[in-house]
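Since the structure comes first, as structure tokens, the remarks are kept for the end.
The values are calculated or read from the model by the stated rules, or taken from the named source; none is laboratory data. In this text the structure is predicted, and so the values were computed from the model without any measurement. Cβ coordinates were reconstructed from backbone atoms using ideal geometry, including for glycine residues, and neighbour counts include every protein chain displayed.
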Amino acid sequence: MTAQETSAQEQKTEHRPQYDAHGDSMLESRGPLAEQLCRQALATTEPFRSLAAEELAVLDVGCGYGHTAIELARTCRKVVGIEPSLPLAEFGARLAESSGLDHVEILHRSVEELEEEEVFDLVILDNVLEHLPNADDSLERISRSLKPGGLIYIVVPNKLWPIEHHYFLPFLGYLPLPLANAYLRLSGRGEDYEDASYAPTLWGLRRMFKRRPELDMHLVPPADISLTMAGGPWHYRLGVALLERLPIFWWIAKCFLVVAVKKSAPLDQRQAE
Ligand SMILES: C[S@@+](CC[C@H](N)C(=O)[O-])C[C@H]1O[C@@H](n2cnc3c(N)ncnc32)[C@H](O)[C@@H]1O
């Protein structure tokens, strides 16, 4: 096995993520929101797409318990969800089977194992990028899996948001890993922060996309604020209005929402490759 294959295997686990066992499991917190998360992804990517939602082949990376992937399959042509945590992937696969939809599958796979080339029109990473230790390699694989003109939809917490997204501890994300681990243990909310510790700053996110010149990155506000997890309270609406008028506020936004478009190389260049 090569070093890269070993690392891909290491991302797969037999257990639930630690943050899923603390507080509300994603089963309770995300499952009931699947329809709105799905509508948000489709509405926010719509201005960038040439295909109708019904024509899309979608990959949901880190699909958790599979609810959003299955919801997407109620509209889209084909949906594949990949999830490295075995209990979650198994739950998702059972849910997919019981949905009666034959064009959705949930696989026990990590993004590091993604080998597909030009298969998908849309790749979704909803609260997943902050869990990827090899983000550059993952983004390259995702980009390769996209057809020209295809889209990546990313929702990821901002590392600079003061209340950490998974454990709700102030400034946890600011600390170097050993201190963050000690803080987490002291709080009684977990043992090891590493798995959730890769949230980017805006600068880091921009640099990551600069290293992938085939992708055009756009920071966008959610298409429909009422579909956000918090349901669009006044302070969300105010935040989004500020982002629309003064993009500098993205630096301190709670989350980043990115739509990246894979450029279509001219046909003669593609034939030469
Ligand atoms: C916060 S959860 C989000 C789940 C789901 N996307 C949602 O919106 O409810 C992060 C998910 O990313 C998955 N994940 C972590 N590392 C991954 C990797 N290397 N490849 C793919 N998924 C990964 C986790 O197992 C987990 O299910």
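Being among the aliphatic types (A, V, I, L, M) and away from the ligand (no atom under 14 Å from the Cβ) is a property that residue 93 lacks. Identify all residues within the range 13-26 that are more than 9 Å from the ligand (Cβ to nearest atom), in contact (Cβ under 8 Å) with a residue 40 or more places away in the chain and surrounded by 15 or more Cβ atoms within 10 Å (Cβ to Cβ); write none if there are none. Passing the criteria: 18, 22.
Scanning the range 230-244 for residues that are surrounded by 14 or more Cβ atoms within 10 Å (Cβ to Cβ), over 17 Å from residue 258 (Cβ atoms) and among the aliphatic types (A, V, I, L, M) yields one hit, 242. When we screen 170, 176, 157 for residues that are within 16 Å of the ligand (Cβ to nearest atom) and not hydroxyl-bearing (Ser, Thr, Tyr), the only hit is 157. The set of residues in the range 189-239 being outside any loop (DSSP other than H, G, I, E, B) and touching a Gly at 6+ places or on another chain (Cβ under 9 Å) consists of 196, 225, 226.
For residue 137, the conditions (1) within 27 Å of residue 32 (Cβ to Cβ); (2) within 15 Å of the ligand (Cβ to nearest atom) are fulfilled apart from (1). Would you tally the residues in the range 109-127 being under 18 Å from residue 39 (Cα atoms) and assigned to a loop (DSSP other than H, G, I, E, B)? Selection size over the range 109-127: 1.
Just for the range 27-55: of the residues that are more than 14 Å from the ligand (Cβ to nearest atom), under 20 Å from residue 127 (Cβ atoms) and not hydroxyl-bearing (Ser, Thr, Tyr), which one is surrounded by the most Cβ atoms within 10 Å (Cβ to Cβ)? In this case the residue turns out to be 42.
For residue 67, indicate whether it is touching a helix residue (DSSP H, G or I) at 6+ places or on another chain (Cβ under 8 Å) and either buried (at least 20 other Cβ atoms within 10 Å of the Cβ) or modelled with pLDDT under 95 (or both). Spelling it out, residue 67 is indeed touching a helix residue (DSSP H, G or I) at 6+ places or on another chain (Cβ under 8 Å) and either buried (at least 20 other Cβ atoms within 10 Å of the Cβ) or modelled with pLDDT under 95 (or both). Of all residues assigned to the range 70-81, at least one qualifies as being in contact with a His (Cβ under 7 Å, 6 or more places away or on another chain), of a type in the set (Gly, Ala, Ser) and at pLDDT 95 or above. Taken over the range 25-55, the criterion of being under 19 Å from the mean Cα position of the chain (by Cα) and either among the hydroxyl-bearing types (Ser, Thr, Tyr) or part of a loop (DSSP other than H, G, I, E, B) (or both) is satisfied by 25, 29, 30, 44, 45, 49. The residues listed here are 40, 11; of these, the one that is at pLDDT 95 or above and touching a Pro at 6+ places or on another chain (Cβ under 9 Å) is 40. For the range 56-108, the tally of residues that are in a loop (DSSP other than H, G, I, E, B) and either basic (Lys, Arg) or closer than 14 Å to residue 127 by Cα (or both) stands at 8. Look at the range 201-219: where a residue is in contact (Cβ under 8 Å) with a residue 60 or more places away in the chain and a partner is in a loop (DSSP other than H, G, I, E, B) and of a type outside the set (Phe, Trp, Tyr), sitting 6+ places away or on another chain with Cβ atoms under 9 Å, you get 208/200; 214/263; 214/265; 215/263. Check whether at least one residue in the range 189-197 is in contact with a strand residue (DSSP E or B) (Cβ under 7 Å, 6 or more places away or on another chain) and surrounded by 14 or more Cβ atoms within 10 Å (Cβ to Cβ), and report yes or no. No - not one qualifying residue is present in the range 189-197.
Residues that are among the acidic types (Asp, Glu) and closer than 20 Å to residue 221 by Cβ within the range 13-67 comprise just one, 46.
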